[in-house]
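Working notes for the structure below.
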Amino acid sequence: MTEKIMSQGASTPIEVQVAGKGIQQIETYADKVVDKLKKIYYLRDVQIAQPLKFPVVEITLDRLKISQLGLNIKDISNSVTASTSSSRFSEKNLWLDSKNQYTYQVQVQIPEYVMNTMDQLKEIPLIQGKSSPVLGDVAGFKTVYEPGEYDRAGPRRYLTVSANIYKKDLGKATTDVQNAVNSIGAPPKGLIASLQGMSGLLTETLSSLQNGLAFAILVIFLLLAANYQSFKLALTVLSTIPAVILGSLLALLLTGSTLNLQSYMGMIMSTGVSVANAILIVTNAEKLRLEYRDANKGAITSASIRLRPILMTSMAMIAGMIPMASGLGEAGEQSAPLGRAVIGGLFASTFAALLILPQVFAWVQEKTSYNSPDLMPETEIKPLNA
């Protein structure tokens, strides 16, 4: 839950992770990714997140001189470590307070302002209590550049190419970035390039919502088929769902909103209300079809009877969603797509339920038998004109 809330630790909307074994190979491929992303006009601050050119002092020891002075590598490393950082990394002096059962740590450390030049580093004594020999007598010094940070994902090291987005939705940016990475070609053997952070979370979330919506429609279809004992009537009820999706997308397009988590939730909500309205019409229409012995007349009559309840339900929910869709108040713009998707979906589904659904019902049930499909049918309904 924490990883999803924090976007898996992503500090920018776009992050491309390049992982492999050798840092030089990773850096070469990451530079290519940076060049490609810089060509996308709406991306900003395209860079490799890790510091790769961190200045360090490389100390090369002369083992011959060390042996001539009767020293060893351990003595020299302890002297350098204690002088440049602290003795806590070479010798731990622990003093136990037996009364309070507390451990105190004592360490020796040279202040940073005293040890801040190459010449001072060369004057580090190597033998305790003696001013010579010093480190400069047995070692060479030069400044080199090394990666300042090593990040790992399992056994692989990786670099992160990060970027910000300027006036563009994350979905479009994710697609363009993925195409840019693919245009580089297949990475060398042992190298993996993948989108991480908020882009990966967006793809995962939208995929889950799409699968959830499809599964919900399937469950509704099976329940309706079992209730009506007819696949045709179940499909008739679901015929309003395309209108819901189209209405929600048009509302989002007209208001400049994006297809995100909130708008998907709005589409699912409006789908539920649309199916409920369609069930009212289809159930009543099927009953009237058996009474009138006319599918077209039953559909029209059912739509006219259910006109007021459906309009009242839809208009009440649309009116209730207007404050949310306006995006007013603190953080109101974040939840506004939900309200806009619900309004667009209900507006379109209301017209579909009252105008299109009766025609679909009449077309589907026009040649359907009037005999009950139930194995144990109830008393046969006689037509009204009998």
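The values are calculated or read from the model by the stated rules, or taken from the named source; none is laboratory data. If you're wondering where the values come from, they're calculated on a predicted model, not measured in any experiment. FYI the Cβ positions are ideal-geometry reconstructions off the backbone, even for glycines, and counts take in every protein chain you see. To get the accessible areas, we keep the full protein, side chains included, count just its heavy atoms, and leave off ligands, DNA and RNA. Shrake-Rupley method; radii C 1.70, N 1.55, O 1.52, S 1.80 Å.
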Review point. Which residue fluctuates the most in the chain, going by a Gaussian network model with Cα springs under 10 Å, if the choices are Gln50, Gln334, Gln128?
Key: Gln128
**Study point:** Cβ-Cβ FRET estimate between Asp151 and Asn182, R0 fixed at 30 Å, reported to 0.05
**Key:** 0.80
Review point. For the pair Ser11 and Asn72, what calculated FRET efficiency results from E = 1/(1 + (r/R0)^6), where r is the Cβ-Cβ distance and R0 = 56 Å, to the nearest 0.05?
Key: 0.80
Review point. When only the heavy atoms of the protein chains count and the probe is 1.4 Å, how do Ser248, Ser11 rank by accessible area, highest first?
Key: Ser11, Ser248
Study note, to complete from the structure: Total charge of the residues flanking Pro188 in space, meaning their Cβ is under 12 Å from its Cβ, with Lys and Arg +1 and Asp and Glu -1, is +3
Check your understanding: Got a sec? What order do Thr205, Thr28 fall in by accessible area at 1.4 Å, biggest, i.e. largest, first?
Key -> Thr28, Thr205
Practice item. Using Cα positions and a limit of under 19 Å, work out the lysines in reach of Lys297, with same-chain residues fewer than 8 apart set aside. Key: Lys232, Lys287, Lys367, Lys382
Point to revise | Calculated SAXS-style log₁₀ I(q)/I(0) at q = 0.14, 0.16, 0.17, 0.25 Å⁻¹ - segment 115-183, Debye, Cα scatterers | key: -0.71, -0.79, -0.83, -1.08
Exercise for review: Could you check how much of the accessible area of the chain is carbon and sulfur, as a whole percent, using a 1.4 Å probe?
Suggested key: 58 percent
Revision key, fill the gap. Comparing Glu204, Glu286, Glu58 in a Gaussian network model of the chain (Cα, 10 Å), the one with the largest mean-square fluctuation is Glu58
Point to revise | Cα→Cβ-extended label distance, 7 Å offset, between Lys65 and Met317, nm | key: 8.4 nm
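Report the FRET efficiency, 1/(1 + (r/R0)^6), for Ile356 and Arg308, where r is their Cβ-Cβ distance and R0 is 22 Å, rounded to 0.05.
0.70
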Exercise for review: Please give, to one decimal in nm, the separation of the simple spin-label points placed at Thr81 and Leu206, each 7 Å out from Cα toward the Cβ.
Suggested key: 5.1 nm
Check your understanding: Given the pairs Lys74/Lys142; Lys36/Lys142; Lys21/Lys167, which are separated by over 25 angstrom at their Cα positions?
Key -> Lys36/Lys142; Lys21/Lys167
Review point. Given N residues in segment 159-283, what is Rg(Cα) / (2.2 N^0.38 Å)?
Key: 1.43
Review point. Using a ≥ b ≥ c from the Cα gyration tensor of segment 197-344 (square roots of the eigenvalues), is it rounded, prolate or oblate, where a/c under 1.5 gives rounded and otherwise the larger of a/b and b/c decides, a/b for prolate?
Key: oblate
Revision key, fill the gap. Checking Gly247, Gly197, Gly327 against a Gaussian network model of the chain (alpha-carbon springs below 10 Å), the top fluctuating residue turns out to be Gly327
